[in-house]
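Enquirer: Right, I'll just put the structure down here and ask away after.
The values are calculated or read from the model by the stated rules, or taken from the named source; none is laboratory data. Please read these numbers as outputs of a predicted model, since none were measured by experiment. Counting neighbours? That spans all protein chains shown, and the Cβs are built from the backbone with ideal geometry, glycine included.
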């Protein structure tokens, strides 16, 4: 009941003409970003983040979150109509979505994608709603050791549970931590790695780096690939919507299973990519007709879209509750919160209830409005893809440059953005993931400050990280997750050794 009352308070905060207009504007912008090749949720949020600097935090985060929801919806349009994944996680959607479009069932595939996306997001938002009050009960128990233990848990889980090669994740994270240390040391006041440059005294701005890493690098990649867009037309009618919705109960097990997978991999650092593929593979495995997958089966659209959207939404829970971004987009939103003077973590639910519950309420309303919007405007947004990329790319680059300059009104930041764009391009070409780099860049200085304050308070003893049950449990879990691949391999080896022995007995 407490959660319901706080949610109603959030809706009361939300229902102003200004915020509702920003929500609709954010959704339209997000769908536009989602259908453009070379962009997507994280890139769109990163590029458009400077637009929110003059807003109050609630209005800003509502608009940004709606840009994200819109981009997620828009990504399905490119995947199904043009066989071009708008995001890495939408690759699984193309397996059956594009064959459906080839068969003249594009409207059915799009309706299935949008509806399952809505269901996955709704389940994740309900999870956030009912877990959030529980988070606030231990808000006051966190000090520097607990905060560092949480940051350590985040870093270790990305290494231990991530799907990328471990050495590449470590390289990416180490580089992010290195760049996060540039500038003035907040504890001692000393300058670090500035090399005599006055522009580096204030450090590397997170937003400038993110705009380059995500926006400029994607433009470079798209220019290299020279995408030629040939798609299928689609116009969604009420008859098609009714047909898909009446078939939904037949796939309740797939929708539920994919929602659970998505929520779990969103809260942990598994991510939407792993969730979409896992949802698709499990749907195929449990299907009575697995051979039909990949040939235009609607269940092959339901499963990955539900899992991916549940994961993308659930990633906001650890970001808000503990200051741990569960995805690249959540990391960008975390940086935005810090710009607006808010510190994500347990105290956020205590000190800024209007903000938190207004955001959660906007997730409900944004998903409903987003579903109606994409169902009714698919032909309009699909036509955007027929604009030559040579005409779109310069506008995106100019938007990135304006956004980078507006952060601190410094020309140096534009050059820095271009430099990070090249870095992001190289990372993607050689297979180094950007998410750990972004995470380390956002949390690096905060983790360092928490560690050093904990060390000062304990007189230099690392035993402070096991000084009570809460911090000890988090630290131990972090170390366990760091070595989880080794632990899992040992358990698997022991299991294989015991099976022949038991069979012989």
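Enquirer: With respect to the numbered conditions (1) crowded, with 20+ Cβ neighbours inside 10 Å; (2) within 26 Å of residue 276 (Cα to Cα); (3) modelled with pLDDT of 75 or more, which one is the sole condition not fulfilled by residue 28?
Expert: Residue 28 satisfies all of (1) crowded, with 20+ Cβ neighbours inside 10 Å; (2) within 26 Å of residue 276 (Cα to Cα); (3) modelled with pLDDT of 75 or more except (1).
Okay, residues lined up against (1) surrounded by fewer than 22 Cβ atoms within 10 Å (Cβ to Cβ); (2) outside any helix (DSSP H, G or I); (3) modelled with pLDDT of 75 or more:
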{"site": "43", "(1), (2), (3)": "no, no, no"}
{"site": "55", "(1), (2), (3)": "yes, yes, yes"}
{"site": "59", "(1), (2), (3)": "yes, no, yes"}
{"site": "67", "(1), (2), (3)": "no, no, yes"}
{"site": "93", "(1), (2), (3)": "no, no, yes"}
{"site": "104", "(1), (2), (3)": "yes, yes, yes"}
{"site": "109", "(1), (2), (3)": "no, no, yes"}
{"site": "127", "(1), (2), (3)": "yes, no, yes"}
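Enquirer: Would you confirm, using the coordinates I've provided, whether residue 302 is at pLDDT 80 or above and buried (at least 24 other Cβ atoms within 10 Å of the Cβ)?
Expert: Yes; evaluated as a whole, the condition is true for this residue.
Enquirer: If a residue must be free of Cβ contacts under 8 Å to residues at least 12 places away in the same chain and over 24 Å from the mean Cα position of the chain (by Cα), how many such residues does region 430-455 contain?
Expert: 1
Enquirer: Related question: Test of understanding: among 142, 206, which residue is modelled with pLDDT under 80, farther than 22 Å from residue 311 by Cα and touching a helix residue (DSSP H, G or I) at 6+ places or on another chain (Cβ under 6 Å)?
Expert: Numbers: 142 fails: touching a helix residue (DSSP H, G or I) at 6+ places or on another chain (Cβ under 6 Å).
Step by step, each of 142, 206 is checked, and only 206 is modelled with pLDDT under 80, farther than 22 Å from residue 311 by Cα and touching a helix residue (DSSP H, G or I) at 6+ places or on another chain (Cβ under 6 Å).
Enquirer: Sticking with this structure for a sec: Residues in region 242-249: is at least one over 19 Å from residue 100 (Cα atoms), more than 27 Å from the chain's Cα centre (by Cα) and at pLDDT 85 or above?
Expert: yes
Enquirer: Checking the condition in a loop (DSSP other than H, G, I, E, B) and touching a residue at least 12 places away in the same chain (Cβ under 8 Å), which residue from 169, 194 passes? Lay out the reasoning, then the answer.
Expert: On the way: 169 fails: in a loop (DSSP other than H, G, I, E, B).
Answer to the selection: 194.
Enquirer: Exactly one of (1) surrounded by 14 or more Cβ atoms within 10 Å (Cβ to Cβ); (2) modelled with pLDDT under 80; (3) in a helix (DSSP H, G or I) is unmet by residue 285. Its number?
Expert: Of the numbered conditions (1) surrounded by 14 or more Cβ atoms within 10 Å (Cβ to Cβ); (2) modelled with pLDDT under 80; (3) in a helix (DSSP H, G or I), the odd one out for residue 285 is (1).
Enquirer: From the set of residues in region 258-273 that are in contact with a helix residue (DSSP H, G or I) (Cβ under 6 Å, 6 or more places away or on another chain) and at pLDDT 80 or above, which is nearest to residue 322 (Cα to Cα)?
Expert: 263
Enquirer: In addition: Run residue 83 past the list (1) over 26 Å from residue 32 (Cβ atoms); (2) at pLDDT below 75 and report the number of the one that doesn't hold.
Expert: So the condition that residue 83 fails would be (1).
Enquirer: Checking residue 276 against (1) in contact with a helix residue (DSSP H, G or I) (Cβ under 6 Å, 6 or more places away or on another chain); (2) closer than 23 Å to residue 111 by Cβ; (3) at pLDDT below 75, only one condition comes out false. Which one?
Expert: That leaves (3) as the condition not met.
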